[in-house]
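Notes follow the structure.
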Amino acid sequence: MKKIFRYTVLLAFAVCVLGSCKKMDDIYKDFVVPGGLTYAGRVTSPVIQSGRQRIKISWLRGADPNVNQARIFWNNYTDSVNVPIPATGDTISVIIGNLEEKPYTFVARTYDNKGNKSVPVELLAESFGDKYQSFLVTRPVVRSENVGPVLTIDWSNANKSGGAYVTEVEYTNTANATAVKRFSVDELSSVISDYKPGTTYKYRTEYRPGASIDPFYTMGYTTQLVAFKIPKAGLVVTADSFAATSQLANGGGPPGYAFDDDLNTFWHTHHTPTPVAPFPHWLMVDLKKTYNITRVELTCRAGATGVTNSFTTFILQGSMNGTTWTDYETYTLVQKDQAQNFAFKSIPKMRYFRIYATAGGAVHTSLAEFSVFGYE
């Protein structure tokens with residue numbers, strides 16, 4: 001009796017289920033597409049680029065020959081633009097203008113000639129404008145210097161993550177004409193080979209955020225003075241001491257020998273007779289006018305490699321009156337024949353320049369040549 005009751009309940013349940021399924025089929029039958037849904041070929045390999053209050057969207061044509069248009073939506077589908085797709089061509093692109101300066105989310109769909117649409121493709125980009133440009137910073141110059149018609153510019157790091165792209169330099173060339181050169185922000189040092197000595201140049205940095213189709217420039221140009229090798233004619237060098245006669249046969253002696261652009265001559269401190277004064281030793285030049293000093297170039301006495309013919313440690317000093325001195329940097333001079341450059345971390349003003357040697361291999365010392373670089 002229990003079995004009969006159990007089977008009766010199960011049979012009733014099955015009838016109910018079948019009845020419910022029939023009702024559900026009746027409800028959804030109007031939404032069933034015979035043969036299934038067909039999608040148009042979607043936007044392929046899209047590239048989206050920022051711009052000045054506009055955005056450019058490009059994509060490959062794709063393999064679906066029936067696709068004949070696309071539609072780009074933004075602002076939660078409240079704005080859109082239709083993009084006709086021609087029968088030929090590999091790349092489709094559209095520029096959406098008059099955009100407020102802010103980030104955007106775009107949705108791209110394609111449609112074929114049978115009315116089918118593709119699955120949506122979401123794209124993110126940002127429109128830039130005056131607000132963005134107002135915060136741009138010009139790439140700093142560490143120093144710039146010319147020798148003859150060659151101008152060398154050493155750059156500080158650029159704000160590449162912020163979109164810095166190139167730095168544009170406007171200068172006067174050797175033909176006395178205004179010229180412009182553009183240097184990648186990846187360059188740490190740039191060279192201009194036709195610069196007119198004695199002139200200034202100006203520069204600005206171009207930014208292209210998000211591979212922008214439009215350039216954004218820093219506000220105005222920055223004018224830069226150019227350092228040069230300060231002329232030596234008429235300048236007098238003095239020292240704490242010099243070998244008046246004992247080094248003359250070797251080409252050495254007076255302090256002026258270290259400032260004559262001749263590497264075969266050299267300054268040598270007092271050598272004989274005794275007593276010989278120990279370190280410190282110094283060389284000083286009156287530049288006759290005030291300069292902004294950027295660096296000094298020193299060359300040891302010939303044959304210095306492996307032999308301590310010159311001092312090894314020295315301080316660069318400056319003064320406006322030749323009496324009160326300011327220490328700027330302390331350096332080590334390598335004992336070798338090649339010229340060595342020593343730059344100031346700052347660019348101090350001075351009329352008097354001094355090399356103040358504090359240590360060496362002996363009590364006396366020497367130097368073949370030094371040159372001072374700066375600008376007025």
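The values are calculated or read from the model by the stated rules, or taken from the named source; none is laboratory data. Predicted, not measured: the structure shown is a model, and the values here were computed from it. Glycine also receives a Cβ, built like all others from the backbone with ideal geometry; neighbour counts cover every protein chain displayed. The accessibility values were calculated without ligands, DNA or RNA, using every heavy atom of the protein model including side chains. Shrake-Rupley method; radii C 1.70, N 1.55, O 1.52, S 1.80 Å.
Tabulated data for the structure shown
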| item | result |
| --- | --- |
| Some residue of region 280-292 being of a type in the set (Lys, Arg), touching a Gly at 6+ places or on another chain (Cβ under 9 Å) and within 22 Å of Asn146 (Cα to Cα) | yes |
| Whichever residue in region 80-99 is open to solvent by 60 Å² or more (accessible area, probe 1.4 Å) and out of contact with any Ser or Thr (no Cβ under 7 Å at 6 or more places or on another chain) and, among such residues, is farthest from Pro46 (Cα to Cα) | Asn98 |
| Candidates Arg354, Arg295, Arg301 - the one that is open to solvent by 10 Å² or more (accessible area, probe 1.4 Å), assigned to a strand (DSSP E or B) and farther than 27 Å from Ile153 by Cβ | Arg354 |
| Yes/no for Thr223 being open to solvent by 50 Å² or more (accessible area, probe 1.4 Å) and among the hydroxyl-bearing types (Ser, Thr, Tyr) | yes |
| Residue match in region 228-243 (condition: open to solvent by less than 40 Å² (accessible area, probe 1.4 Å), of a type in the set (Val, Ile, Thr) and under 30 Å from Gly148 (Cβ atoms)) | yes |
| Residue list for region 229-260, filter: out of contact with any strand residue (DSSP E or B) (no Cβ under 7 Å at 6 or more places or on another chain) and charged (D, E, K, R) | Lys232, Asp260 |
| Among the residues listed as Asn309, Asn321, Asn264, the single one being buried (at least 21 other Cβ atoms within 10 Å of the Cβ) and either on the phi > 0 side of the Ramachandran plot or in a loop (DSSP other than H, G, I, E, B) (or both) | Asn309 |
| In region 186-203, the residues that are surrounded by 19 or more Cβ atoms within 10 Å (Cβ to Cβ) and under 30 Å from Gln53 (Cβ atoms) | Tyr203 |
| Top-ranked residue in region 324-342 [being open to solvent by less than 40 Å² (accessible area, probe 1.4 Å) and part of a strand (DSSP E or B); ranked as farthest from Phe370 (Cα to Cα)] | Glu329 |
| Output for region 101-146, where each listed residue is under 30 Å from Ala63 (Cα atoms) and in contact with a Leu (Cβ under 7 Å, 6 or more places away or on another chain) | Thr105, Phe106, Ala108 |
| Residues (open to solvent by 100 Å² or more (accessible area, probe 1.4 Å) and either among the β-branched types (Val, Ile, Thr) or farther than 23 Å from Tyr203 by Cβ (or both)) located in region 114-137 | Lys114, Glu122, Leu124, Lys131 |
| Within region 264-323, considering residues that are under 15 Å from Thr358 (Cα atoms) and of a type in the set (S, T, N, Q), the one farthest from the chain's Cα centre (by Cα) | Thr269 |
| All positions within region 179-235 that are more than 17 Å from the chain's Cα centre (by Cα), of a type in the set (Ser, Thr, Tyr) and farther than 22 Å from Asp130 by Cβ | Ser193, Tyr195, Thr199, Thr200, Tyr201, Thr223 |
| Members of region 267-292 found to be outside any loop (DSSP other than H, G, I, E, B) and under 19 Å from Thr313 (Cβ atoms), listed by number | Trp267, His268, His281, Trp282, Leu283, Met284 |
| Lys345 free of Cβ contacts under 8 Å to residues at least 40 places away in the same chain, open to solvent by 50 Å² or more (accessible area, probe 1.4 Å), touching a strand residue (DSSP E or B) at 6+ places or on another chain (Cβ under 7 Å) and assigned to a loop (DSSP other than H, G, I, E, B) | yes |
| Cβ-Cβ under 6 Å pairs, at least 6 apart or on other chains, region 44-57 side closer than 15 Å to Phe216 by Cα, far side part of a strand (DSSP E or B) | Gln49/Lys56; Ser50/Ala125; Ser50/Glu126; Ser50/Phe128; Arg54/Ile95; Ile55/Ile96; Ile55/Ala125 |
